[in-house]
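Okay, structure first, notes after.
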Amino acid sequence: MSRPARDHVPGHGPADRGDDLLPAERRVLATLGHLSLDFRAMWAVSNVFRSSAAIRRHMEARVLAADRLSWTAFTGLWVLWIWGEMETRDFAAAVGISRPTATGVVTTLEGRGYVRRRKDERDGRMVLVSLTRTGRRKIEELFPRFNAEEIAVTAHLSDAQRESLAGMLRSMLRAVDPNGDHGDR
């Protein structure tokens with residue numbers, strides 16, 4: 001249930017004092033503070049987006065660049081490693097990309113020898129994608145480095161804060177996309 005708008009007007013809570021706000025948040029507050037908006041909701045969503053984009057750039061630069069992999073290509077390897085062979089439309093959904101983009105990602109990974117495509121024996125219209133031995137070796141070699149950087153990125157948080165953050169993000173994911181984790185495969 002949402003609170004009345006007056007509770008979300010600047011000056012009505014500790015977050016609104018600007019103590020810990022980012023420069024962009026302070027600018028939004030200065031520009032839009034006269035409006036009856038839910039700034040806490042705005043900051044929660046915009047900080048999820050900003051954090052996600054920053055972490056993605058960080059991981060690409062620190063971990064994936066050495067292997068000439070994009071975030072999306074890495075995610076594709078990860079999805080196939082965890083879930084195994086899948087139809088290309090399921091691959092696209094699990095990676096969080098469109099089907100045409102998935103075709104390009106699979107083509108790139110196939111060209112590097114990391115994945116293979118084959119027609120589904122039951123339905124020749126469907127194309128299945130899976131890791132090759134080379135692809136499996138690559139993700140098995142790469143993921144410990146990736147996880148080490150995940151640890152570094154979250155090192156300033158306690159274990160309890162990491163668990164709380166993960167739980168809050170799961171809750172937001174479920175609120176906007178109940179099947180967002182594609183765990184029903």
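Amide H neighbours of T132 under 5 Å, at least 5 residues apart or on other chains, H built in the peptide plane: list them.
It is V115, R116, by chain and number.
Taking the Cα centre of segment 30-97 as the origin, how large is its charge dipole in debye, to the nearest 20, when only Lys and Arg (+1) and Asp and Glu (-1) carry charge on their Cβ atoms?
Here the size comes out at about 340 debye.
Heavy atoms only, probe 1.4 Å: what % of the accessible area of the chain goes to carbon and sulfur, would you let me know?
Percent of accessible area from carbon and sulfur atoms in the chain: 55.
Per residue, how much accessible surface does the chain expose to a 1.4 Å probe? Answer in Å², no decimals.
Value returned for the chain: 65 Å² of accessible area per residue.
Starting from the amide H of L37, placed 1.01 Å from N in the peptide plane, find each other amide H under 5 Å away whose residue is 5 or more places distant or on another chain.
Amide H neighbours of L37, under 5 Å, 5+ apart: none.
How big is the gap, in Å, between the Cα center of segment 13-87 and the Cα center of segment 104-135?
30 Å
Would you kindly state the longest site-free stretch of the chain, with sites defined as GluC sites (Glu not before Pro) in a DSSP loop (not H, G, I, E, B) surrounded by at most 16 other Cβ atoms within 10 Å?
1-84
Hey, in the GNM for the chain with a 10 angstrom Cα cutoff, which one of S70, S46, S130 fluctuates hardest?
Per the Cα network of the chain with a 10 Å cutoff, S46 tops the list.
If contacts are Cα pairs under 8 angstrom and at least 6 residues apart, what is the relative contact order of the chain in percent?
15 percent
Using θ = phi - 60° and the Karplus relation 6.51 cos²θ - 1.76 cosθ + 1.60, list the HN-Hα couplings for segment 74-88 in order, rounded to whole Hz, with x at every Gly or Pro.
Karplus-based 3J(HN,Hα) across segment 74-88 equals 4, 4, x, 4, 4, 4, 5, 5, 7, 9, x, 4, 8, 5, 4 Hz.
So what's the back-of-envelope 222 nm ellipticity for the chain, counting only DSSP H runs of four-plus at -39500 (n - 2.57) apiece and dividing by all residues, rounded to 500?
-18500 deg cm²/dmol
Could you order V105, V176, V153 by accessible surface area, starting with the largest, using a probe radius of 1.4 Å?
If we order V105, V176, V153 from most to least accessible, we get V176, V153, V105.
The values are calculated or read from the model by the stated rules, or taken from the named source; none is laboratory data. Nothing here was measured: the structure is a model prediction, and the numbers come from that model. A quick note on method: Cβ atoms are made from the backbone with ideal geometry, for glycine too, and the neighbour counts reach across all protein chains shown. Remember, those area values only see protein heavy atoms, side chains included, never the ligands or the DNA or RNA. Shrake-Rupley method; radii C 1.70, N 1.55, O 1.52, S 1.80 Å.
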